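Student: Take a look at this one; I'll ask things after.
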Amino acid sequence: MTVFGQSSLYQTGTAKSLDENFELYQKELFGASKYGFEKLKSLEADTEPKIMADLYHALSAMKVEDPASSDLVYYFIRKYPDHPTTNYAAHMLGNFFFERRNYREAIQAFQKVNLNRIDFEQGSEINFKIAYAYLQLKDQSNALRYFNAVKSQPNQYKADAHYYAGFIYMEQGNYSQAIMDFQEADKSSFYANKVPYMLAGAYYKQAMYTELINYAEPVLANRRNLDRREEIHLYLAEAYFEKRDFAKAASNYDAFVNARRGELSRAQIYKAGIAQFEIQNYQRATDYFKVAAVESDEIGQVSSYYLGHAYLKLNNPQFAINSFNAAYKGNANTAIKEDALVNYAKVNLERGSFQEAVNALDTYLSNYPNGRYAREAEGLLTDALINTSNYLRAIELIEKMPSKSERIRAAYQKITFYQGIVYYRDKRFDLAPTYFDKSINTPIDRDMVLEAMFWKGENFAAKGDLPQAIRAYETLQNQRPKNNHPFLIKSYYGLGYAYFNTEQYAKAETQFRNYVDRRQSIEDRGNYDEALVRLGDTYYVQKKFVEAQTTFQKAIAENNEFIDYALFRSGVVYNFQNRNNEAIGQLNQLINNYPSSLHLEDAIFQKAQINMEEMRYAEARDGLTRLINTRPNSPFVPFALEGRAVANFSQQNYDATIDDYKRILENHPNSSNAQSALVGLQESLSLQGRSAEFSQYASRYRSANPDNRSLQNLEFESAKSLYFSNSWDQSIRAFEDYLRNYPQAANRAEAVFFIAESHYRAGRIQNALDFFYQIDRERESPQRLRAVQRIASIELENRNFSKALPYLRESATNARNQIEKYESYSGLMQVHYEMTAFDSAIHYADRVIALGSVTGDAIPEAMLLKAKAYQKSNRVDDAEETLRDLINAYKTIHGAEGLFLLAESHHKRRSFVQSNDVIFDFSGPYSSYDYWYGRSFILLAENYIQLGEEFQARATLESIVERATHPEIKKMAQDKLSTLN
């Protein structure tokens, strides 16, 4: 094709040149055509060849992107405004800029086109491109004007114009117009996969949920390769949520999330959680609520509230507690705040975390005295108060209440009683009566009044205030409870002992007899065995020997727990009845069958005495010899030596007699029978013609027992009086003066012991220890065993375990009662544990446990150390079993530590859920032990972290920081919390 076709001018040089250059242009050899057309610029002005040369020179320059090309085109348009090719030039320049995204220049060029001189399709193209350019320049108003022009009639850009116009209307919030445009664009196959998410969005913005659902469901079902399919699911989810179709809402929220191409807003996350909650898919609901609950706004508060309910449905109360607590802390929604606080209290109450429940319910009643749940909260508070272990806090709460319902007063009666028991158990005997009296003075439950009276008596008895104990027991009995009332029966036992220890034996007899008569006929015999032998003792001291013997024989026949004592006392009674053969028979049963009895020495000595009375001297001598040889530290030894001396004398074995008297004077010069030994020695030496030997022993006796006994005794008793009045320094000075005045006093060792004890009680432990060691070096001192016990105790406290060990062993060997056994076994248990002899520690822990509740803490302390020893020995299962037994049986500080150790053991084995279960199942009774209680809940937070439950960990730590009373626990929680922030 040529510029002019076949004409008469064809043969001319100008026409030929124009055609050749145009051919180059058509072949896209724009550099050559630009050069050629430039050479033709000298043609005659305003002629057609000149116009064509200028046009294609400009277009060729534009094609090679000559920087001056646009100026050439604009020059052509200005020079030839009416020429038919001017529109073409402007159109080509507009396309040039449009294709290079120079939209501002494109608009300017396109606007040079006279639309009246071109066809409709071309005009639609130019209008669309101008509109699109304005859209890219963020000029939505002009863009919309041109898009609307394109939309007016059918053309190839109509669908595009509807699509982009719909987009602009969406941006401007004109959703109804956007819907109409998107509906038109949706008819185009090109936009069939692009429009749906935008049209769905427009429907949602207009709250046209039914239309949205009716449109989007078939689109999702029938169209593949949809743009942003996940967003269509999200709009559907939102629509279904608004229409309360939670099942379909939930499935569409999940579809959006599972596509992993976007993130829900927190509001949408909350709604997704609600949808799952409503269809009872509680586990999935927690996945959403946990994310929505991280902020402290209303969404976070309400999400925490529903999260709590979801966890309750999943039987996960520990997570529910933290969630309700977080919801209560929020202030955005007051109704949710109130509901959350009540639910927090309820779950704690159900879980046995009574103190937490008490605090929450007290807060509720203080903040919402007329709240929707006020009546229910008061009832719950009553239950929580009764079950809490922090009784003082509970008492304080009740006492500050302006008015108290019958239920609250009943709770107060119980709690004050329980606090009295706590003080009694902790040996704080001065404090306990106040709380027993508070309970007694709130007589809602008569049985509890009697129980409080009984324990008030027990408290005074333990304190040693027997007159007050007697009054308490008598007050109980004066209430005239039923004959079989358990605390009436127990009062017989307590009052019997109180009378017995105040030497009111006839009254004691009545009480013990009442107790025995009632206990012997019921399955729970309580202290029947002990009461029976005490009844025998009351008969004995009143010289009612027949009744005494009958009672002791009854104990023997019933294989009484104290049968060894009954045998001993039966022998003594038979001796008083001059039935010595029967007496010896009873004592032989004790000696032969109960070699570990605490009464063995008494029995051996008593039997020897009876044999002496019966002039069976050889048998008496042999029995006393057995006592002397097997129990060298027994206080009976000097008297056994004297008895054996008498027996030998009676058999005319004078040398043996002399030896025993000498042993008394040499080894026991301060014994009360030393003077008798001196007399016996003088007589025996005289018979043997050895009187010359007597003087040295007489001199030794005088040195040990100087004159002025009355004044000496007065000074000694005066010093003792200062000791017993707790005047430690004055006591020490008095005993030191006594020893200076009477250096050879018979009770010198006892005086030194009192000095040591005074230093000990005054807190001068090292001074005390020096004196105790001084007594220890005097091997024959009657005070040595007491000193050995003190040395063992002090060295143990000083953590000098190797020094304490031999003294503890000696104390254990020579223990004469349950308390001494407990103290030595407990010490051996601790020493072996500290010296890493864990098997021995476990052995002695078992021996402490076998002794029973010698003290209130004896068994739990031993169980705790036993468990620790098992842990140190890597016997994890044994340790955990022991810890479970401990926390099930004892709600003491040992149980609190045991709970932490058991939970920690599971934690170390990475059994985090089991560790949490232990804490929540058993921690409630230990809330008053703030350190170990706090450690357990910090461990709970660590478990949550390991389980990926950061929300729960954070909520737990924040609660500890807010409520912990122990500063170390508060700091530990703060430090741990800072690692999560």
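Student: List the pairs whose first member sits in the stretch 20-43 and is surrounded by 16 or more Cβ atoms within 10 Å (Cβ to Cβ), whose second member is of a type in the set (D, E, K, R), and whose Cβ atoms are under 6 Å apart, counting only residues at least 6 apart or on separate chains?
Tutor: Partner pairs satisfying both residue conditions: Phe30/Lys63; Leu43/Lys50.
Student: Within the stretch 728-747, track down each residue that is assigned to a helix (DSSP H, G or I) and surrounded by 21 or more Cβ atoms within 10 Å (Cβ to Cβ).
Tutor: Ser731, Ile732, Ala734, Phe735, Tyr738
Student: Let me ask you something else. So, restricting to helices (runs of 4 or more DSSP H) that lie completely within the stretch 6-125, which ones have at least 1 residues that are under 30 Å from Ala149 (Cβ atoms)?
Tutor: 48-63, 69-79, 85-99, 103-110
Student: Also, quick follow-up: If you check Leu864 against the conditions, is it closer than 30 Å to Leu785 by Cβ and not β-branched (Val, Ile, Thr)?
Tutor: Yes: the conditions hold for Leu864.
Student: Could you pull out the residue among Phe324, Phe277 that is closer than 25 Å to Phe912 by Cβ and in contact with a helix residue (DSSP H, G or I) (Cβ under 8 Å, 6 or more places away or on another chain)?
Tutor: Result of the check over Phe324, Phe277: Phe324.
Student: Here's a follow-up. Take the residues in the stretch 139-198 that are closer than 28 Å to Arg104 by Cβ, aromatic (Phe, Trp, Tyr) and outside any loop (DSSP other than H, G, I, E, B), then tell me which one is farthest from the chain's Cα centre (by Cα).
Tutor: Residue satisfying both the conditions and the ranking: Tyr146.
Student: Could you tell me whether any residue of the stretch 356-367 is of a type in the set (D, E, K, R), at pLDDT below 90 and crowded, with 22+ Cβ neighbours inside 10 Å?
Tutor: yes
Student: So, one more: (1) more than 24 Å from Gly856 (Cα to Cα); (2) in a helix (DSSP H, G or I); (3) not hydrophobic (A, V, I, L, M, F, W, C): which one isn't true of Pro481, the others all being true?
Tutor: (2)
Student: Same structure again: Which members of the stretch 210-254 meet the condition of being not acidic (Asp, Glu) and not in a helix (DSSP H, G or I)?
Tutor: Arg223, Arg224, Asn225, Leu226, Arg228, Lys243, Arg244
Student: A further question follows. Report the residue count in the stretch 754-767 for those that are within 14 Å of Tyr723 (Cα to Cα) and part of a helix (DSSP H, G or I).
Tutor: Looking only at that region, the number is 8.
Residues checked against (1) free of Cβ contacts under 8 Å to residues at least 24 places away in the same chain; (2) on the phi < 0 side of the Ramachandran plot; (3) surrounded by 14 or more Cβ atoms within 10 Å (Cβ to Cβ); (4) out of contact with any strand residue (DSSP E or B) (no Cβ under 6 Å at 6 or more places or on another chain):
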residue	(1), (2), (3), (4)
Asp430	no, yes, no, yes
Asn441	yes, yes, no, yes
Glu474	yes, yes, yes, yes
Asn478	yes, yes, no, yes
Ile489	no, yes, yes, yes
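For every residue, the table says whether it meets (1) under 29 Å from Arg224 (Cα atoms); (2) of a type in the set (A, V, I, L, M, F, W, C).
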position: Asp139; (1), (2): no, no
position: Asn148; (1), (2): no, no
position: Ser152; (1), (2): no, no
position: Tyr175; (1), (2): yes, no
position: Asp186; (1), (2): yes, no
position: Phe190; (1), (2): yes, yes
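Student: Moving on. So Thr502 ticks every box in (1) out of contact with any Leu (no Cβ under 6 Å at 6 or more places or on another chain); (2) surrounded by fewer than 19 Cβ atoms within 10 Å (Cβ to Cβ) but one. Which box is left unticked?
Tutor: Only one criterion in (1) out of contact with any Leu (no Cβ under 6 Å at 6 or more places or on another chain); (2) surrounded by fewer than 19 Cβ atoms within 10 Å (Cβ to Cβ) is unmet by Thr502, namely (1).
Student: Which of (1) surrounded by fewer than 17 Cβ atoms within 10 Å (Cβ to Cβ); (2) under 19 Å from Gln355 (Cβ atoms) does Glu950 not meet, given it meets every other one?
Tutor: (2)
Student: Just checking, how many residues over the stretch 523-545 are within 13 Å of Tyr492 (Cβ to Cβ) and either modelled with pLDDT of 90 or more or crowded, with 22+ Cβ neighbours inside 10 Å (or both)?
Tutor: 7
Student: Suppose the filter is farther than 21 Å from Tyr565 by Cα, assigned to a helix (DSSP H, G or I) and hydrophobic (A, V, I, L, M, F, W, C); does Leu476 pass it?
Tutor: Answer is yes for this residue.
Student: Any idea which of Ile945, Ile919 is within 27 Å of Leu385 (Cα to Cα), in a helix (DSSP H, G or I) and at pLDDT below 95?
Tutor: Residue meeting the stated conditions: Ile919.
Student: With the structure loaded, tell me whether His832 is farther than 30 Å from Ala869 by Cβ, under 42 Å from the mean Cα position of the chain (by Cα), surrounded by 18 or more Cβ atoms within 10 Å (Cβ to Cβ) and not hydrophobic (A, V, I, L, M, F, W, C) or whether it fails that test.
Tutor: So His832 fails the test.
Student: Of (1) in a helix (DSSP H, G or I); (2) out of contact with any Pro (no Cβ under 8 Å at 6 or more places or on another chain), Ile664 satisfies all except one. Which?
Tutor: Ile664 satisfies every listed condition except (2).
Student: Which pairs have Cβ atoms under 7 Å, sit 6 or more apart or on different chains, and link a residue in the stretch 498-517 that is assigned to a helix (DSSP H, G or I) to one that is of a type in the set (D, E, K, R)?
Tutor: Tyr499/Lys507; Phe500/Arg534; Phe512/Arg534
Student: If I ask for residues that are over 26 Å from the mean Cα position of the chain (by Cα) and assigned to a helix (DSSP H, G or I), which ones from the stretch 366-397 would you list?
Tutor: Scanning the stretch 366-397 gives Ser366, Asn367, Ala374, Arg375, Glu376, Glu378, Gly379.
Student: Among the candidates Ser725, Ser721, single out the residue that is surrounded by 12 or more Cβ atoms within 10 Å (Cβ to Cβ) and either within 30 Å of Arg764 (Cβ to Cβ) or at pLDDT 80 or above (or both).
Tutor: Only one candidate passes the filter, namely Ser721.
The values are calculated or read from the model by the stated rules, or taken from the named source; none is laboratory data. Computed from a prediction, not measured in an experiment: that's the story for all the values here. In this analysis, Cβ positions are derived from the backbone assuming ideal geometry, glycine residues included, and neighbour counts consider all displayed protein chains.
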